[in-house]
Every structure is written in structure tokens, then in C-alpha cells.
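What follows is a short report on a single structure.
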Amino acid sequence: MENVRVRFAPSPTGTLHIGGARTALFNWLFARSNGGQLILRLEDTDSIRSTEESAEGILEGLSWLGLDWDEGPDVGGPYGPYCQSERLSIYQQFLQQLLDEKKAYYCFCTPVQLNKQREAAHQEKKNYLYPKTCESLSPEQVALHMAEGLRPVIRLKVPRHGTTVVHDLIRGDVEFDNTLLDDFIIAKSDGWPTYNFAVVVDDYTMKISHVIRAEEHLSNTPKQLQVYQALGLTPPQFAHVSMILAPDRSKLSKRHGATSVQEFRDDGYLPDALVNYLALLGWSPGENADILPREEMPNLFSLKDVSLSAAIYDIKKLAWMNGHYITAANINVIVKLVEDRARLKGYLTTENHDYFNKVVDLVRSRAKSVNEVLDLAQYFFEEPEAYDEKGVDKYFRKAGSFEKLTAVLGVVNHTQSFTSLNLEDATRLKAETLGLKAAELIHPARLAISGRTMTPGLFEIIELLGRKTSVDRISKAIEYINNLA
């Protein structure tokens, strides 16, 4: 496919939502799979809600995800400016063209008049359409209203017959009845264009070949096609991606957990995990693949494999996927993410860097979030203050627990080559000589060493803690059991 140019065009009025991130990802994948360009454009004409902080947050979120762009407000390009707020003169040229060609007209109807018309249509249970009140105003009448200081909007003349067909690469042909379209506003009274006009001008002047965006924009597309037709321009190809819904199939919101890229980052998710998860929300490369290395995705991506059905947000699957990436990541990446908090807790010092790395490497396989790593590692740096209550009932209160821990204490005290393999072999041999299963020694020893019932391998823990610390903790547990009697 030649000359592929796609765009991600967020409005900087809030954070980068995962729905927007998924749209950006699909555009990135399509561009990279076809040797094309991805353009970042900020649709910031809402001067009240748009903020520089939001714009910076969007760029930061995309960068954190590892989605690069070829043109944009920060990197420039041949078809800028890439912020709508800087493109007014471009819009004015196209607006004037439509006015000169009598395909658009000034409208001086006030909000009060329009509200009365809408209310009358509502009372009659009719669909309201603007009645073309100002379409027939003469140039002299327009000039007179202008001289009086009235500030008009500009409306596009829309045919009230036939249909407008959206040729969608995902949904096929979608027809819209033109009788349901009115002469919609393409420029507001302050001179700024409306969304449906600006987006057409931007996509045309930036030579966008494909518009891949959320399903919610499908209803806007007939209006945009009317603008393309009025300007005599060839529209790009459209592809509308289905929505992301909550597990109960309601609209995804904060009550379902994190919804912005920044929140996921702060909650300890890795960018590769989130990209992998977002890619599979509505797209399937086949063969039921769950783990997709980022470098392989562009070669697999195709719009024909994008689903028509809504994608269902599943935080459990994302957490599982994040755990996979935490385990598979270079250990230095994980250490870098936790080291500031580790220093504040006193877990990481200038003297114990190697030990800290080994601990993180051992416990990370149980983490579903980077934020869980230090909690999982706590007993390597702090002696347990208490034992898990259910564990106490299950392992310490049972008859024979004193003898079992005493047996493990002997193994830890007397194993010469203090490695996890030797410790495990010696423990299993001791269990066999006592007529016990190895688990009957391992589980109470795990509770004694860590205070927990769920940890990585016991013998790896003992090796890392060292003989003295392990002996002290087992001895303390034995004393605790004696006091239970």
C-alpha cells in the first residue's frame, strides 16, 4: 500500500484515555505495517477546556507507550501547523470558498429563536431540522446585519434527499438518510470552525489517506462527507473501531478502575504489557495468541482482522499479562522502577545493590504490578512482625509442628554447601527419614521464614537470607509454637 498517512488527533481536554491510546496504537500499527507515516494533531480549538498540561500529558503518555509519530506539534513536518489553534487562516480560506460558491451561508438566527423552534418540533414529536431561515438572505441583508454588529455562524447547504454512504473498511457500507441531516454549522460566531469542518480541512491538507478512529465518530462521518463533497475533495478511507466496554457492557468509567494511561503507569503497569493488551481489544492476529512482542505486531496487523463487536475490558487479563512482562523484563528495568521507593524504605543502600537485585529478581514472578514488588520483598529486609493467621492455624497449631520446624532448623544449621539445591535435597531427605511428605516441612518453614504462606521457592529464600537470619527466624517460630501450647 503506497503513501499511507494516518493520524491520531486527540483533544487536549483531559488525560489520554485507554480508548484513545488504543486508537493511537491501531493507527501506529497500520502506518508501520504499510511503511507509512503517523501524524499527531492536537484538536485544541476548545479554548475553555483545552490546556497545555493535557497536551503535554498526551504526548508523555504516547511516548511512555513507545508509540512514535513522524509529524506533529513537537517534531514539525511539511503540513503543519499541527495544532488546530494555529490553523485559523487555513480554515478561513476554505470557508470563504464555500461562501463564494454559494455552498454555505451566514446564519443570524439567535439561540433563543433556535430553541423555540426545537421546542416546537419536540412538542409535535418531530425531528428538528434547521428550516434554512437565512439561506435566502441577500448580500445586502447580510451586510446590514454585519453592520449592526451581529455575529453570524456559517451553515453548509446540505441536500435533503438521497443518502450519504460511508465506505467503512471494518463495517462495510453504512448508509445515512440525508433527510435526517440539516444545514449544520461549520463555523461558530467567533469565526472558529466546528469539529466536522476543521477535521475535513486538516485531513485534506495533511494528505491523510486513512482515518482510523473510534466507532462514536461514525455518526459524524456523513456530515464530513458532505463537506468533502461541497469542497470538491476526495475523502480518505474510513475505518471505525468498536468501543471498549466494561465487563457489564456499560460505558467504561473510573468506577471500573484505572482508565488513563498515566493511571496505569502509576499503578505499576509496564508499557509493553499495556500495548499488548490494547492491541488485542478488538483485534485478533489469529491462533489465539495472547503474548505479542511489540516488534512482531506491525507484521501481523490488518484492518480485516479488527472485530465489529465491542471489546470487553478485562482487568484480570491485563494484570496477568503485566505479570508476564514483569517476569520477562530485564531485571535492571524493574529495579530502576522501584529503586526510589526502595531507598526511602531503606531496602536499597549503596552496600546491598547486588543483594537487592537478587531479591527483586526472585519475587517479581509473583507480582502483577511493579508496585507489588517491594511488598513481596518486605521480609527480605524486615523481620516479620506477625505470622499469617490462617497459616498459624494450618501449620503451627497442628500436632508435630514443633518437631517439623526443629527438623528444618537442623537442615539449615548443618547443610555445608549453602545453596538452594543442597538445602532442598537435604530437606527432602530429612522428610523421607521422618516418614513425612516434603511439603509437611516446607510449608511451616515458609511461614517461619517469611510470615507468609505464599512466596517464591523456600530454598531460594533461605539461600538469599543466609544461614544466620534463617536460623534466627526458624528458632523464633519454634519459640512461638511453644507459647501456643
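General remarks:
- Cα centre as origin, Lys/Arg/Asp/Glu Cβ charges: the chain dipole, Debye: 1060
- Simple rule: put +1 on each Lys or Arg Cβ and -1 on each Asp or Glu Cβ in region 1-150, find the dipole, and look at L25, G149, L114; the Cα lying farthest toward the positive end is L114.
- Ellipsoid fit via the Cα gyration tensor, region 66-154: semi-axes of 36, 21, 12 Å, each the root of five times an eigenvalue, largest first.
- Between the listed residues Q92, M206, Q123, the Cα displaced farthest toward the positive end of the dipole of the chain, a dipole computed from Cβ unit charges relative to the Cα centre, is found at Q123.
- Dipole orientation for the chain: of the candidates N196, A279, I334, A279 has the Cα lying most toward the positive pole (charges on Cβ; Lys, Arg +1; Asp, Glu -1).
- For region 44-90, a/c is not less than 1.5, where a ≥ b ≥ c are the root eigenvalues of the C-alpha gyration tensor, and a/b does not top b/c. That puts it in the oblate class.
- Size of electric dipole in region 41-186: Cβ of Lys, Arg +1 and of Asp, Glu -1, about Cα centre, debye, nearest 20: 1040
- Close amide-amide hydrogen proximity is noted between V241 and R213, A214, E215, each under 5 Å apart and 5 or more residues distant or on a separate chain (H modeled in the peptide plane; Pro and chain starts excluded).
- Distance (nanometres) between label positions extended 7 Å along Cα→Cβ at E287 and D248: 3.9
- Anisotropy class of region 315-456 from Cα gyration tensor, a/c 1.5 cut: prolate
- Region 33-106-region 141-200 distance, computed between alpha-carbon centres (Å): 20
- Calculated FRET value between R294 and T234, using beta carbons and R₀ = 35 Å, to 0.05: 0.55
- Surface per residue (accessible, 1.4 Å probe) for the chain, Å²: 50
- Packing rank of 197-204, 420-427, where each peptide gets the mean count of other beta carbons within 10 Å, highest leading: 197-204, 420-427
- Region 371-455 - charge dipole about Cα centre, Lys and Arg +1 at Cβ, Asp and Glu -1, debye rounded to 20: 420
- For a 4.7 Å threshold on C-beta separation, the list of partnerless cysteines in the chain reads C83, C109.
- When each of K404/K437; K103/K223; K125/K157; K398/K476; K345/K368; K126/K157 is checked by Cα-Cα distance, pairs over 19 Å: K125/K157; K345/K368; K126/K157
- From the coordinates shown, Cα extents along the principal axes in Å corresponds to which of (i) 106, 47, 42; (ii) 106, 51, 42; (iii) 69, 52, 52: (ii)
- Using the Karplus relation 6.51 cos²θ - 1.76 cosθ + 1.60 with θ = phi - 60°, the per-residue 3J(HN,Hα) values for region 49-64 come to 8, 6, 9, 5, 4, 5, 4, 5, x, 5, 4, 5, x, 5, 5, 4 Hz, with x marking Gly and Pro.
- For the pair E382 and L308, label points projected 7 Å from Cα toward Cβ lie 5.6 nm apart.
The values are calculated or read from the model by the stated rules, or taken from the named source; none is laboratory data. Please read these numbers as outputs of a predicted model, since none were measured by experiment. Note: ideal-geometry Cβ built from the backbone for every residue, glycine included; neighbour counts use all protein chains shown. Protein only, heavy atoms only, side chains kept; ligands, DNA and RNA dropped before computing areas. Shrake-Rupley method; radii C 1.70, N 1.55, O 1.52, S 1.80 Å.
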